[in-house]
Each structure stands twice: as structure tokens, then as C-alpha cells.
Amino acid sequence: MSWADRISPTVRAIPPSGIRRFFDIVAEMKGVVSLGVGEPDFITPWHIRESCVYGLEKGYTSYTSNYGLLELRQEIVRVTERDYQVSYDPRCEALITVGVSEALDLALRAVLSPGDEALVPEPCYVSYKACVTLAGGIPIPVPTRMENQFRVTVDQLEALVTPRTKVLLIGYPNNPTGAIMPKEELLRIAEFAAKHDLIVISDEIYANLTYDAEHTCFASLPGMRDRTILLNGFSKAYAMTGWRIGYALSNPDFISAMTKIHQYTMLCAPITAQVAAVEALRHGEEKMRKMIAEYDCRRRFMLDGLRNMGLTCFEPKGAFYIFPSIKETGLTSLAFAEELLKSEKVALVPGDAFGSSGEGYVRCSYATSMANLAKALERIERFVKKRL
Amino acid sequence: MMRQQLLELLENDAKRPIAELAVMLGKSQQEVADQIKALEEEKIIIKYHTIINWEKTGVDTVTAMIEVKITPQREVGFDALAERIYRFPEVRSVYLMSGAYDLLVMLEGPSLKEIAEFVSTKLATIEGVISTTTHFMLKTYKEAGVIIEDHEEDRRLVVTP
């Protein structure tokens with residue numbers, strides 16, 4: 001029996017992230033323009049970094065409460081109430097985690113029993129389905145389509161819901177499609193969740209990055225606050241990916257269950273990063289607005305460029321991704337991405353890395369400079385022109 | 001709103017083509033061109049400037065900040081004296097300040113000696129100038145919001161989820 005054979009069958013059965021596989025090919029090459037990066041190109045604003053340095057000088061180096069610094073929880077609750085008119089008790093309804101990734105894992109482990117099903121609209125962030133499986137649940141993909149602007153509908157959900165369905169896991173604004181869900185449509189989803197008594201895990205990490213539209217927080221919908229585990233963090237809006245700070249807001253029972261797992265596995269999120277996150281919420285608004293305005297300009301620039309070269313492209317209204325269809329080229333997502341990389345040295349991510357419904361699309365991140373975007377568009381155009 | 005955004009884009013990079021600006025702002029090229037023209041006419045956009053690191057070109061220049069105390073004059077206050085000073089082409093900027101002195105004058109010249117000469121013969125001798133204090137600049141770290149030698153680079157991986 002080899003060591004590999006001794007690995008748990010659950011872990012063995014999970015496919016490695018499609019992004020990782022592609023990363024290995026890219027890592028070897030030089031002169032690549034990358035549209036493959038799922039994080040801001042901005043460095044964390046200086047005042048946030050400086051507050052962390054100051055915190056270190058002041059000796060903030062200890063553990064914090066399992067829940068996280070109360071100061072930070074209070075700020076999070078304040079901002080959530082201000083922006084979405086939904087309120088939480090910072091003492092027992094908020095938990096600071098190591099990125100939204102941990103919060104998602106905790107939420108799923110806290111509520112799923114073996115064999116429970118979780119509805120997961122696709123294409124979606126690479127962790128969703130794997131985390132459901134690791135928590136003992138069964139992910140049920142709900143494919144969304146470009147023709148419907150990659151929004152999930154009640155009809156689709158009704159077709160897949162079973163007596164074993166316990167969770168609905170949504171992530172809007174969406175990575176990789178850039179889709180958002182307008183309030184009217186979320187209201188219908190809320191009705192569906194109540195009807196089937198589902199727990200809704202709502203990953204709203206891109207909430208601030210919404211363009212020409214307003215973000216609706218799922219927990220703010222009537223009757224949804226206690227049914228929802230609301231996840232958010234600092235990585236995207238405040239350009240703080242490497243700090244690893246996320247949070248969960250929900251009813252006290254869910255939060256204390258999640259905290260139980262968190263205290264045994266993680267203890268607490270790093271205090272240095274929590275100190276910086278407090279500063280981000282207190283004084284980071286203006287810098288964040290500037291970054292969002294810049295993303296919005298790039299979003300229009302990319303949409304225009306991709307459409308002009310003849311690709312069918314849905315207008316993304318959130319996050320910093322654009323998800324053009326490459327079906328007209330006759331290539332699969334992976335072949336398109338690989339050939340483009342080899343012949344034109346542009347890295348993007350094949351759509352099927354985000355679920356099989358992403359096949360026929362590629363994810364381009366516009367979290368990179370305008371100069372890089374212009375260069376990338378020129379190269380993609382040369383590549384696409386030969387195949388259309 | 002578009003005005004504000006347009007100004008911010010141009011302040012950052014005045015060489016952006018109109019076609020590109022139009023796409024970025026979601027407006028037509030004509031609208032953007034008209035708006036820029038209006039901003040220029042209203043003197044909201046005063047001039048398009050280039051920030052140059054002269055040190056790298058081998059051209060030696062000396063920059064000095066001079067604190068100037070003056071006596072304000074009847075009716076025109078500080079303005080008339082300020083004008084007499086800012087008309088000199090050697091003078092790069094002039095600001096009216098609160099506090100220990102009145103005018104902050106930024107001078108640029110080919111050498112220390114020439115700046116000293118300008119201050120003693122031209123500036124200090126103007127009627128109404130009470131005193132001057134000259135500070136020479138040793139190094140520029142940041143100019144007009146731009147860090148001259150920025151060591152921060154993109155350290156992100158090429159592909160991330």
C-alpha cells in the first residue's frame with residue numbers, strides 16, 4: 001500500500017483546482033501579460049499598512065478573543081447596518097475569520113450533516129463545491145447561463161431541490177462571471193429558501209465592487225437575517241488579500257457553532273491584520289471609492305475591446321472579472337487558454353475551472369493596469385481574428 | 001460626476017487618447033472632447049505638464065525654497081508684491097502662507113551661486129520685502145503625488161482564484 005493509497009478517499013476524490021493546474025504551465029513562461037489574477041493590483045492603501053506597523057510598535061502581538069477583536073466586530077456591524085440596514089449584535093452575532101475562505105468552511109461544517117445537499121449555482125468560485133464535499137455534504141451544481149446573465153432562477157432551483165437539501169450557497173457579485181443579482185430576483189430566491197426551509201450562505205466578498213447598480217445584501221431581505229450566514233471580508237474592496245481577514249454574520253446559534261470549530265482549528269485570526277482591518281473600516285472609504293472608480297473604467301474598456309473583436313460578451317456589473325464566450329472560435333476553454341498563452345503570452349483562466357457550465361468561456365481579470373489591459377486586448381484580438 | 005472622473009483620469013495621465021477616455025467613462029468621443037474643451041476654456045484645466053526626473057538626464061539644476069516676509073500694501077494686500085515676484089521666470093511657484101512668514105517662493109536655477117545672486121539682487125531688494133530665508137533642496141522623494149523612485153512592485157502570482 002503506497003502513501004497515496006492511505007490518503008482519505010474523500011480528499012482523493014476532490015479534483016485539484018483547475019486554476020492551479022493552469023498556474024503550473026504559466027509559471028515557466030516569461031513576458032506573459034496576465035489577466036488571470038483574482039486579486040486587486042492595488043497594494044493595500046498606505047494608511048492601512050501604517051496602522052499595522054503602529055500596532056506592532058505598540059505591542060499588538062497576542063491572541064485575540066476567538067470571535068476576533070471586539071473593536072473590529074463593532075466596526076463591521078456598524079458598516080453593515082449603514083450600508084444594508086441589517087443589524088447584528090457584535091458580541092454574539094459576528095465572527096472574524098482567516099479570510100472568507102475559512103468563514104465558508106466553518107459555515108458549511110457547522111450546518112451540514114453527512115449526505116446533506118447544498119445547491120451551488122455555477123460557474124462559481126473554485127472552493128464552493130470542494131468545501132461542501134469536505135464538510136460531508138453533496139454539492140448540487142445549478143448551472144446558470146449567459147442568456148440569463150448568469151443569474152440563478154427559482155425554476156432552476158425548484159428542479160434540483162430535494163428533501164435532503166439543506167443549504168443554498170450563493171456568491172454575488174460573482175467570480176468568475178461578474179454577474180450580480182438584482183433585488184427583485186433575490187426576493188424570489190428568498191421566498192424559495194423560506195418555502196424549503198433552507199439555510200442560505202451568501203458570499204458577498206465583492207459587494208462593494210458593483211457598477212451601475214446597487215448591491216443587495218441577502219440578509220437584509222425580509223425574514224432572511226437569521227436564515228442567512230452572511231460572509232464578507234477585506235481582500236477585494238480594500239486590496240487586502242494577503243492579510244487574510246474575513247467575517248461571518250448570522251444568528252447567535254450559527255455563529256457560536258462556527259466559533260466552536262474556529263477555536264479548535266484556528267483559535268483566532270492574526271491580530272496584526274485585525275488591527276489593520278479596523279483602520280480600513282474607519283478611514284478606508286475614500287481610497288476604496290477611488291479604486292472602484294478605476295475598476296469601472298477598466299471594465300468598460302475591456303467590454304468594448306472584447307466585443308469589438310467579435311466575441312460575445314455579457315456585461316459584468318460586479319467584481320473585477322469579465323467572462324467572454326469563446327465558443328465561436330471552435331476551441332474548448334482549456335484549448336483556448338493554452339493556445340493563447342503559447343502563441344500570444346496572455347494568461348487567463350479557462351471557464352471550466354469554475355464548473356462545467358463555465359465551458360465555452362474564459363475568465364479575464366481586469367485587476368491590472370490599463371497599459372497591461374491594452375496590450376492583452378491587442379494580443380487576444382490577433383489570436384481571435386485568425387479563428388473567427 | 002463625469003467632469004470629476006474625467007479630471008481625475010487626465011490628472012493621472014494627460015496623454016490618454018479621447019477614444020480611450022470615452023470608453024472608460026461610457027460616453028461618446030464627442031461628449032468627452034466637448035467636456036475637455038470646456039474645462040480648458042474655463043481654465044479648470046490650466047496646463048498639461050510632464051514630471052521629469054532631471055537628475056537622471058545629467059542636467060544639473062538647483063531648487064530652493066525661500067521664505068519671504070513682506071509688508072502688505074494698502075488696497076492690494078499681498079497680491080501686488082506676489083505678482084512682482086512670480087513674474088520672474090526663475091520662480092517656479094509662489095504661495096501665500098499663514099504663520100511665521102508670508103510668501104513661499106520656489107526657485108530653480110543652474111547653480112547655488114546663481115540662486116543666491118537672484119535672491120540678494122532681485123528678491124531681497126524689492127520694496128516691501130522685509131527678509132528672506134533660503135533653503136536648498138537636497139533630494140526629491142515625491143513630486144506632485146508621484147513617488148520618484150518607487151520600489152513597490154507587483155508581487156502577485158500570475159494566476160490566482
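Throughout, read-outs are computed from the coordinates displayed, never taken from laboratory work. Computed from a prediction, not measured in an experiment: that's the story for all the values here. Neighbour counts are summed over all protein chains in view; Cβ atoms, including those assigned to glycine, are modelled from backbone coordinates with ideal geometry.
The table below gives the values:
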item	result
Shielding score for A:303-310, defined as the mean number of other chain Cβ atoms within 10 Å	1
Tail fraction, Cα-Cα pairs, the stretch A:215-349, threshold 19 Å, whole percent	68 percent
P(r), alpha carbons of the stretch A:294-337 - 10 Å bins starting at zero, rounded %	28, 49, 22, 1
Farthest positive-ward along the protein assembly as shown dipole, Cα basis, beta-carbon charges - from B:85, A:163, A:230	A:163
Cα centroid of the stretch B:15-58 to Cα centroid of the stretch A:144-166, whole Å	47 Å
Degrees between helix B:29-41 axis and first principal axis of chain B (Cα, 0 to 90, nearest 10)	10 degrees
Paired Rg and Dmax values of the stretch B:36-98, which use every Cα atom, in angstrom	16.3, 47
Sum of side-chain charges, residue B:86 neighbourhood, beta-carbon under 12 Å (Lys, Arg +1; Asp, Glu -1)	0
Of the trypsin sites (Lys or Arg not before Pro) in the stretch A:114-185, those whose Cβ has at most 13 other Cβ within 10 Å and which sit in DSSP loop	A:145, A:164
3J(HN,Hα) from dihedral phi, the stretch A:206-211, Karplus parametrisation 6.51/-1.76/1.60, rounded to Hz, x for glycine, proline	9, 3, 5, 8, 10, 10
Residue pairs, from the table A:236/A:290; A:30/A:375; A:290/A:317; A:345/A:386; B:47/B:122, whose Cα atoms sit over 19 Å apart	B:47/B:122
Under 5 Å, built H, 5+ apart or other chain: amide partners of residue A:138	A:115, A:116, A:117, A:118
For chain A, diffusion coefficient by Stokes-Einstein and Kirkwood Rh (Cα), 25 °C, 0.890 mPa s, µm²/s	114 µm²/s
Full-stretch length increase - residue A:83, residue A:378 - with 0.36 nm per residue and alpha-carbon distance subtracted	102.3 nm
Rg to Rh quotient for the stretch B:54-139, alpha carbon positions, Kirkwood Rh	1.00
For B:12-23, mean number of other protein chain Cβ atoms within 10 Å	2
For chain B, convex hull volume per residue from C-alpha positions, Å³	204 Å³
Summed residue charge, Cβ within 12 Å of residue A:240's Cβ, Lys/Arg positive, Asp/Glu negative	+2
Per residue convex hull volume, Cα atoms of the stretch A:105-152, in Å³	62 Å³
Alpha-carbon centroid distance for the pair the stretch A:93-143 / the stretch A:54-83, whole angstrom	25 Å
Dipole of chain A, positive direction: furthest Cα of A:53, A:216, A:106, with charges on the beta-carbon	A:53
Distance from the stretch A:211-230 to the stretch A:318-388 (C-alpha centre basis), Å	32 Å
Gyration tensor (Cα) of the stretch A:148-291, equivalent ellipsoid semi-axes in angstrom	28, 21, 12
Positive minus negative residues near residue B:21 (Lys, Arg vs Asp, Glu; Cβ under 15 Å)	-2
Mean separation of Cα contacts under 8 Å, 6 or more apart, over the residue count of chain A: relative contact order %	24 percent
Average projected area [Cα convex hull, the stretch A:28-153], square nanometres	13.0 nm²
Kirkwood-type radius of the stretch A:89-220, with distances r between different C-alpha atoms, in Å	15.1 Å
Relative contact order of the stretch A:328-388, defined on C-alpha pairs under 8 angstrom at six or more residues apart (%)	35 percent
DSSP-assigned coil residues among trypsin sites (Lys or Arg not before Pro) in the stretch B:1-76, each with at most 16 further Cβ atoms within 10 Å	B:15, B:43, B:47, B:74
Among A:314-321, A:106-113, B:97-104, the order from most to least packed when residues are scored by Cβ within 10 Å on average	A:314-321, A:106-113, B:97-104
Trypsin sites (Lys or Arg not before Pro) lying in DSSP loop within the stretch A:196-245, provided at most 14 other Cβ fall within 10 Å	none
Taking the convex hull of Cα positions in the stretch B:2-41, its mean projected area over all directions (nm²)	2.4 nm²
For chain A, calculated [θ]222 nm from helices alone, where every DSSP H run of n ≥ 4 adds -39500 (n - 2.57)	-13000 deg cm²/dmol
